[in-house]
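The values are calculated or read from the model by the stated rules, or taken from the named source; none is laboratory data. Keep in mind that what you see is a predicted model, and the values were worked out from it rather than measured. All Cβ positions, even for glycine, are placed from backbone atoms using ideal geometry, and neighbour counts span all protein chains on display.
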Amino acid sequence: MTTAPETSRRQKRENSGSSQPRRGTGKKSNRAKSEARLGWLIAGPAFFIMLSVTAYPIAQAVYDSLFSFRLTAPDDRSFVFLQNYLTIFSDVEVFWQALGVTLFVTVVTVAVELVLGFGLALVMHKALKRIRGALRTAILVPYGIITVVSAFAWYYMFDINSGFVNNWFSWVPGIDSDLDWFANFGTAITIIMASEIWKTTPFIALLLLAGLAQVPDELVEAAKVDGASWRQQMTRVILPNMKAAIMVAVLFRALDAFRIFDNVFIMTNGSANTEVLSLLAYRTSIGRLEIGLGSAVSVILFICVLLICFIAIKFFKVDLASGTDAKGGK
Amino acid sequence: MGGSVGTPHRGRSARAVGAALAAGLLLSGCSGDEDVPVLTWYINPDDGGQATLAQQCTEESEGAYQIQTSLLPADAPSQREQLARRLAAGDNSLDIMSLDPPFIPELAEPGFLAPVPAETEEATTGDTLEGALAGAMWNEELVAVPFWANTQLLWYRESVTEAAGLDMDEPVTWDQVIDAAMEQNKLLGVQGTRAESMTVWLNALVESQDTSILVDPEARAVDLETNFDTAEGEKAADIIGTIGTEGLAGPGVASMDENQSMLLFQGDNGSFMVNWPFVWAATKAAVEEGVLEQDLLEDIGWSQYPRVDEDTASAPPLGGINLGVGAESEHQDLAFDAIECIVQPENQTEYFITNGNPPSSESAYDDEALEEDYPMADAIREALANAAPRPQTPFYNEISTAIQQEFTPISGVRADSTPSETDSFIVEVLRGERLL
């Protein structure tokens with residue numbers, strides 16, 4: 001039976017074999033130079049436009065975060081250096097709680113979505129050809145719905161005044177017509193996370209489906225011939241070979257989940273202790289018009305996102321170029 | 001071949017472009033009003049009354065100006081956000097703005113609003129109700145023109161008050177209202193959701209004890225002090241907390257806004273409700289559509305807002321809309337002319353009848369046509385005379401948001417702790433020591 005480590009080693013040998021002669025010469029061939037130039041010509045404009053529309057606002061936010069600046073009191077603007085950050089980090093009840101809720105939502109939703117997404121990916125992968133298209137479309141429907149629309153749909157389902165859930169599920173212990181789902185943290189955050197999971201599980205499923213498709217059939221066949229059980233095929237052949245796809249899916253979803261806004265904004269607007277970091281940044285900048293303080297919250301949110309990326313790439317060895325031609329130059 | 005196909009296409013395209021240009025020229029020529037200045041009026045959502053007034057005043061101006069309306073978001077805080085952003089950015093399209101009174105100081109203080117000319121002030125505020133006029137002032141100057149004013153009444157089910165033995169011709173207190181609902185196992189229509197309506201309710205409870213939420217509303221942020229940590233603040237919290245902990249507003253109180261409390265009041269368990277006059281028109285419409293029974297309409301009565309202390313007159317909430325002009329507007333004179341047209345008393349009466357928003361002008365209530373549609377018009381006028389505005393401060397948004405956070409859910413409000421916590425929370429937020 002061919003195991004994952006062996007496959008991995010073989011791939012490494014193949015990769016190093018193909019790239020070594022180029023490194024050894026130390027010079028690029030004319031063709032390679034021409035390809036590199038073409039690459040820049042094609043991707044360069046997009047790269048610079050992306051940089052200008054992202055770098056400028058980020059720099060502006062960092063600059064603004066050093067000021068005490070309220071939009072409706074422009075004359076009172078003053079440089080306070082890191083005071084805004086001190087105020088934020090010393091606020092346990094608002095900032096640290098919002099950060100805690102954000103992390104909780106991120107961890108729970110990504111974990112659940114990973115399990116459900118893998119199940120859906122398997123179903124899509126193994127489905128009969130005749131129904132494969134329809135099945136994939138059906139599974140992707142929630143992902144095609146705008147998040148605000150999905151948030152309203154979930155809100156109206158569970159709202160004590162207009163929702164049908166209390167009526168339909170009144171036979172379940174703990175659920176009756178008097179249950180206000182959005183009045184308590186436990187129930188409110190459960191609905192928010194359920195909505196998030198329902199909406200974005202197809203995204204993870206899609207990424208995992210791509211990972212599943214990359215697992216060579218001959219490896220699975222060989223494992224079967226060697227007498228591996230379904231569980232052994234899964235844990236020793238399929239999952240190890242999908243590691244890159246799984247990590248990319250986790251990273252992308254974690255970044256997305258950490259910036260959760262719509263569902264909380266629509267369903268509770270932060271009440272019942274469900275405030276998250278994005279909502280705090282919005283309320284401070286847009287609601288209070290406190291540009292300095294709000295920018296500082298946004299910068300902290302941005303740094304958190306960078307940290308997640310850094311941890312994923314450095315410590316969990318997420319390879320964003322996996323499965324593309326970018327890595328080997330082939 | 002390509003040429004033979006392409007030529008007719010190019011010909012058709014050229015003809016189409018030419019026709020479109022000609023049509024455009026023709027249309028602009030037909031309108032004949034390209035030289036008429038266009039005033040943009042940013043309106044809050046209503047039943048079309050402001051758009052009608054815009055049309056009416058455009059016609060009355062005889063070509064001096066043309067008013068076009070632009071819709072603002074549904075709730076007052078979102079309207080404030082949009083207007084403040086545009087004003088701060090120097091948007092010169094903000095000719096006329098429908099402004100919620102509590103947010104006016106924040107826009108007036110940095111000079112975002114054009115000063116109201118003396119002649120406009122004279123022409124529009126001669127008979128304005130006192131409360132409505134106070135909401136249009138900042139630093140003792142008129143910074144906006146009162147358009148319509150709103151207030152809340154105590155709505156009750158006569159069957160409930162009769163069973164409780166209450167004489168509704170006499171003022172009633174919150175304690176009486178609470179007792180009557182508890183004894184008959186009925187529910188109260190109040191606004192317990194985390195929204196501006198929470199501040200409206202709390203402010204009315206404090207003002208009804210001859211006290212204001214803020215010691216000096218015009219103080220700087222770092223100097224602002226509140227009156228929450230007082231006997232009056234505790235009494236207000238006691239009323240809200242009792243309704244919350246006793247479940248007197250029903251299980252859905254955490255999401256109960258004005259509309260939801262009206263639906264609760266219309267139901268079998270309805271007893272009393274504090275709410276704006278729109279509930280009368282809405283209930284009447286529901287009866288006419290057959291959604292509600294006629295008996296319900298006949299069972300509904302109204303009186304003045306409940307008192308906190310039986311010997312002190314209540315101070316009902318004050319709402320409404322005032323009209324301001326942007327400081328960067330290129331047509332300020334015309335905008336004030338238009339405002340003088342819009343706020344004429346007869347227009348206010350018509351707006352009340354068609355859109356349910358009460359006039360700010362006293363003489364607008366003299367029209368007998370009001371009696372048929374709004375039999376409680378006199379009660380509204382009396383309530384407006386006693387109504388107290390929310391604190392007129394540039395930091396109203398912070399204060400209101402802090403109140404909403406501390407006083408919701410109302411089941412968690414405690415007389416011995418919530419007021420003092422709210423006090424310190426507001427002070428720390430305004431000093432920049434805490435987030436909101």
Residues that are more than 28 Å from B:Ser208 (Cα to Cα) and more than 14 Å from chain A (Cβ to nearest Cβ): list the helices (runs of 4 or more DSSP H) wholly contained in segment B:249-358 that include at least 2 such residues. B:278-288, B:294-299, B:332-342, B:345-355
Any residue in segment B:139-158 that is more than 14 Å from chain A (Cβ to nearest Cβ), buried (at least 20 other Cβ atoms within 10 Å of the Cβ), within 16 Å of the chain's Cα centre (by Cα) and among the small types (Gly, Ala, Ser)? yes
If you check A:Ala254 against the conditions, is it modelled with pLDDT under 90 and either acidic (Asp, Glu) or assigned to a helix (DSSP H, G or I) (or both)? no
Can you tell me which residues in segment B:389-418 are more than 13 Å from chain A (Cβ to nearest Cβ) and either without any contact (Cβ under 8 Å) to a residue 24 or more places away in the chain or more than 23 Å from B:Arg220 (Cβ to Cβ) (or both)? B:Val413, B:Arg414, B:Ala415, B:Asp416, B:Ser417, B:Thr418
Single condition A:Ile238 does not satisfy, out of (1) within 14 Å of another protein chain (Cβ to nearest Cβ); (2) without any contact (Cβ under 8 Å) to a residue 60 or more places away in the chain: (1)
Subset of segment A:215-227 [in contact with a Ser or Thr (Cβ under 9 Å, 6 or more places away or on another chain), in contact (Cβ under 8 Å) with a residue 12 or more places away in the chain and part of a helix (DSSP H, G or I)]: A:Leu219, A:Ala222, A:Ala223
Answer with yes or no whether B:Ser93 is away from chain A (no Cβ under 14 Å), part of a strand (DSSP E or B) and touching a strand residue (DSSP E or B) at 6+ places or on another chain (Cβ under 7 Å). no
Expected output for segment A:261-280 (first residue away from chain B (no Cβ under 13 Å), partner of a type in the set (Phe, Trp, Tyr), Cβ below 8 Å, 6+ apart or cross-chain) is A:Phe261/A:Tyr282; A:Asn263/A:Trp154; A:Val276/A:Phe261; A:Ser278/A:Phe261
Count of segment B:182-218 residues which are within 22 Å of B:Leu436 (Cα to Cα), touching a residue at least 24 places away in the same chain (Cβ under 8 Å), out of contact with any strand residue (DSSP E or B) (no Cβ under 9 Å at 6 or more places or on another chain) and part of a loop (DSSP other than H, G, I, E, B): 5
Those residues of segment A:162-187 which are part of a loop (DSSP other than H, G, I, E, B), in contact (Cβ under 8 Å) with a residue 40 or more places away in the chain and among the hydrophobic types (A, V, I, L, M, F, W, C) amount to A:Phe182, A:Ala183
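Condition check ((1) in contact with a strand residue (DSSP E or B) (Cβ under 9 Å, 6 or more places away or on another chain); (2) hydrophobic (A, V, I, L, M, F, W, C); (3) surrounded by fewer than 16 Cβ atoms within 10 Å (Cβ to Cβ); (4) within 22 Å of B:Leu318 (Cβ to Cβ)) across all residues:
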residue: B:Leu71; (1), (2), (3), (4): yes, yes, yes, no
residue: B:Pro101; (1), (2), (3), (4): yes, no, no, yes
residue: B:Glu121; (1), (2), (3), (4): yes, no, no, yes
residue: B:Ala132; (1), (2), (3), (4): yes, yes, no, yes
residue: B:Met137; (1), (2), (3), (4): no, yes, no, yes
Return the only residue of B:Ala64, B:Ala54 being in a loop (DSSP other than H, G, I, E, B) and either touching a strand residue (DSSP E or B) at 6+ places or on another chain (Cβ under 6 Å) or in the same structural domain as B:Ala335 (by TED's automatic domain parsing) (or both). B:Ala64
Filtering segment B:357-376 for residues that are small (Gly, Ala, Ser) and crowded, with 22+ Cβ neighbours inside 10 Å leaves a count of 3
Residue check, B:Pro77 against (1) assigned to a helix (DSSP H, G or I); (2) more than 14 Å from chain A (Cβ to nearest Cβ); (3) not acidic (Asp, Glu), all met but one. Which one? (2)
Filtering segment A:218-241 down to residues that are exposed (fewer than 15 other Cβ atoms within 10 Å of the Cβ) and closer than 29 Å to A:Tyr143 by Cα yields A:Thr235
Looking only at residues in segment A:281-316 that are within 24 Å of A:Met193 (Cα to Cα) and either in contact with a strand residue (DSSP E or B) (Cβ under 8 Å, 6 or more places away or on another chain) or hydroxyl-bearing (Ser, Thr, Tyr) (or both), which one is nearest to the other protein chains (Cβ to nearest Cβ)? A:Thr284
So if I check each of A:Val149, A:Val112, which one is surrounded by 16 or more Cβ atoms within 10 Å (Cβ to Cβ) and either over 28 Å from the mean Cα position of the chain (by Cα) or hydrophobic (A, V, I, L, M, F, W, C) (or both)? A:Val112
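Would it be correct to say that B:Glu162 is surrounded by fewer than 20 Cβ atoms within 10 Å (Cβ to Cβ) and among the acidic types (Asp, Glu)?
yes
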Suppose the filter is of a type in the set (Gly, Ala, Ser) and more than 14 Å from chain B (Cβ to nearest Cβ); does A:Ala98 pass it? no
Being within 14 Å of chain A (Cβ to nearest Cβ) and surrounded by fewer than 17 Cβ atoms within 10 Å (Cβ to Cβ) narrows it down to one residue among B:Thr245, B:Thr193; which is it? B:Thr245
Which condition number does B:Leu154 fail, the rest of (1) under 20 Å from B:Gln50 (Cα atoms); (2) part of a strand (DSSP E or B) being met? (1)
Inspect all residues belonging to segment A:169-176 and state whether any of them is crowded, with 16+ Cβ neighbours inside 10 Å and at pLDDT 95 or above. no
Going through A:Ile139, A:Ile88 one at a time, which residue ends up being touching a residue at least 60 places away in the same chain (Cβ under 8 Å), in contact with a helix residue (DSSP H, G or I) (Cβ under 6 Å, 6 or more places away or on another chain) and within 14 Å of chain B (Cβ to nearest Cβ)? A:Ile88
In segment A:66-77, residue surrounded by the fewest Cβ atoms within 10 Å (Cβ to Cβ) [restricted to those that are away from every other protein chain (no Cβ under 11 Å) and out of contact with any Gly (no Cβ under 6 Å at 6 or more places or on another chain)]: A:Arg77
Within 14 Å of another protein chain (Cβ to nearest Cβ), within 23 Å of the chain's Cα centre (by Cα) and at pLDDT 95 or above: is that true of A:Ala194 in this structure? no
Just checking, does segment B:427-435 include any residue being among the β-branched types (Val, Ile, Thr), within 11 Å of another protein chain (Cβ to nearest Cβ), within 30 Å of B:Gly233 (Cβ to Cβ) and buried (at least 20 other Cβ atoms within 10 Å of the Cβ)? yes
Which numbered condition A:Ile260 fails, given (1) assigned to a helix (DSSP H, G or I); (2) modelled with pLDDT of 95 or more: (1)
